[in-house]
Amino acid sequence: VARQAYKYLPANDLTLAGFWPRMSRTVSVQTSPPGADVYFGDYSATDSPWEYAGRSPIERLRVPRGLLRWKFAKQGFPAIERAIGGIYRDASAPIAVTLDAEGSAPAGMVRVPGGGAPYALVLPGFEHIEPVPLEDYWIDKYEVANKQYKEFVDRGGYQKQEYWKEKFVRDGRTLTWQEAVAQFRDAAGRPGPATWELGDYPRGQDDYPVSGISWYEAAAYAQFAGKSLPTIFHWNKAAAPGTASAIVPLSNFAGQGPARRLRLLLHVEQ
């Protein structure tokens, strides 16, 4: 509405000029490689059409304040979407995005830019933890689904000690692998998530996020999948809990429990 009004106001009118900094900000957009078509939209307006911003690099683009959806598309590169904005982002820093050539990115994962600079946790209670340098890294675009975790169960994941790399500690006592794994049972006493029964998940929930597993089981599954669990630094950088008020209402939760996996905007650039 402000942009529409700007077309009709006299050039020397100061009324709108005083409001621009309160409702918008000016950003520059860079992509590697350059020449990507750039789009943006309100984060919560998922059904609204994208607004075309131009082709990168873009200097001095005026956008609304707050968390925005961004899309970057270039021929030969899969289009990527990001959530960029929020109260913690340095307004003077350019929006910089790396596009990966078709087939070069790990399947089902998205790049999170680290940049090598020290990254500090913006979490209450964690202020005492020293920042750590983060390089670019990959994180799953979706949660692990029941059908994916069942492959781990069916292929003997609970019987193969090589997947279980972490030391088991309970009530201050270190457990043996056999003692620990014996406690990871479903409702019928078979190896598997506590919310499963007879080695299987509820019918019709193939694409629901797996639940009822411990951190130890999650770490073992990650080994099985050839990956690793993110550290608190990696997860905080990707999930940006500081913008939870915008993210949670659109998350994969149906009010009474998890919902079928949706497309996620895992990385919020801060």
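The values are calculated or read from the model by the stated rules, or taken from the named source; none is laboratory data. Just so it is clear, the structure is predicted and the values come from calculations on it, not from any experiment. Here the Cβ positions follow ideal geometry from the backbone for every residue, glycine too, while neighbour counts run over all protein chains shown. The area values use the complete protein model at the heavy-atom level, side chains included, leaving out ligands, DNA and RNA. Shrake-Rupley method; radii C 1.70, N 1.55, O 1.52, S 1.80 Å.
Of all the options LYS141, LYS160, LYS150, the one that moves most in a Gaussian network model of the chain with Cα springs shorter than 10 angstrom is LYS160. Taking a straight line from the alpha carbon of LYS165, these lysines sit under 18 Å away, with near neighbours fewer than eight places off in the same chain left out: LYS227.
Under 5 Å between amide hydrogens, built in the peptide plane, is the criterion, and for ARG185 it picks out GLY192 among residues at least 5 positions away or on other chains. Just report the Cα centroid separation between the range 91-131 and the range 1-75, whole Å. What the calculation gives is 22 Å, centre to centre. Between LEU14 and LYS165, the distance separating the two model label sites (each 7 Å from Cα on the Cα→Cβ line) works out to 6.3 nm. Between ARG190 and ALA117, residue separation times 0.36 nm minus the direct Cα-Cα distance comes to 21.7 nm.
Each Lys and Arg contributes +1 and each Asp and Glu -1, all at the Cβ; summed about the Cα centre of the chain, the dipole is approximately 480 debye.
A 1.4 Å probe run over the protein chains yields, for the chain, 58 Å² of accessible area per residue, whole-number rounding.
Per residue of the chain, the DSSP helices (runs of n ≥ 4 H) give a summed -39500 (n - 2.57) that works out to -4500 deg cm²/dmol at 222 nm.
Gaussian network model of the chain, Cα springs within a sub-10 Å range: biggest mean-square fluctuation belongs to which of ASN236, ASN146, ASN12? Judging by the Gaussian network model, the answer is ASN12.
Could you list the square roots of 5 times each eigenvalue of the Cα gyration tensor of the range 131-238, that is, the equivalent ellipsoid semi-axes, sorted largest first and rounded to whole Å? Walk me through the intermediate numbers first.
Working: eigenvalues 117, 77, 28 Å².
Equivalent ellipsoid semi-axes, largest first: 24, 20, 12 Å.
In this rough spin-label picture, where each label sits 7 Å from Cα along the Cβ direction, the ALA107-LEU229 distance is 2.5 nm. Each 10 Å bin, from zero up to the one with the longest distance, holds this percent of the alpha carbon pairs of the chain: 6, 23, 29, 23, 12, 5, 2, 1.
For LEU250, project a label point 7 Å along Cα to C-beta. Then give me every residue of the range 1-42 with its amide nitrogen under 11 Å of that point. Under cut-off, by backbone N: 41-42. Please sort by residue number the chymotrypsin sites (Phe, Trp or Tyr not before Pro) in the range 1-76 whose DSSP state is loop and whose Cβ has at most 12 other Cβ atoms within 10 Å. Those satisfying the criteria are TYR8.
Rolling a 1.4 angstrom probe over the range 19-90 with all protein chains present gives an accessible area of which 50% lies on carbon and sulfur atoms.
Between ALA259 and SER44, the C-beta separation translates, for a Förster distance of 22 Å, into a calculated FRET efficiency of about 0.80. Helix 215-224 and the longest principal axis of the C-alpha atoms of the chain enclose an angle of approximately 90°. Give me the net charge for the shell around LEU121: Cβ to Cβ below 14 angstrom, other residues only, Lys and Arg +1, Asp and Glu -1. Net charge in that neighbourhood comes out at -1. Largest GNM mean-square fluctuation among ASP186, ASP47, ASP171, using the chain with Cα springs under 10 Å: ASP171.
Summarising the amide proton neighbourhood of ILE80: residues at separation of 5 or more, or on other chains, whose placed amide H is nearer than 5 Å comprise PHE72.
Hey, any idea what % of the range 162-224's accessible area is carbon plus sulfur with a 1.4 Å probe?
Working: 1720 of 3760 Å².
That fraction is 46 percent.
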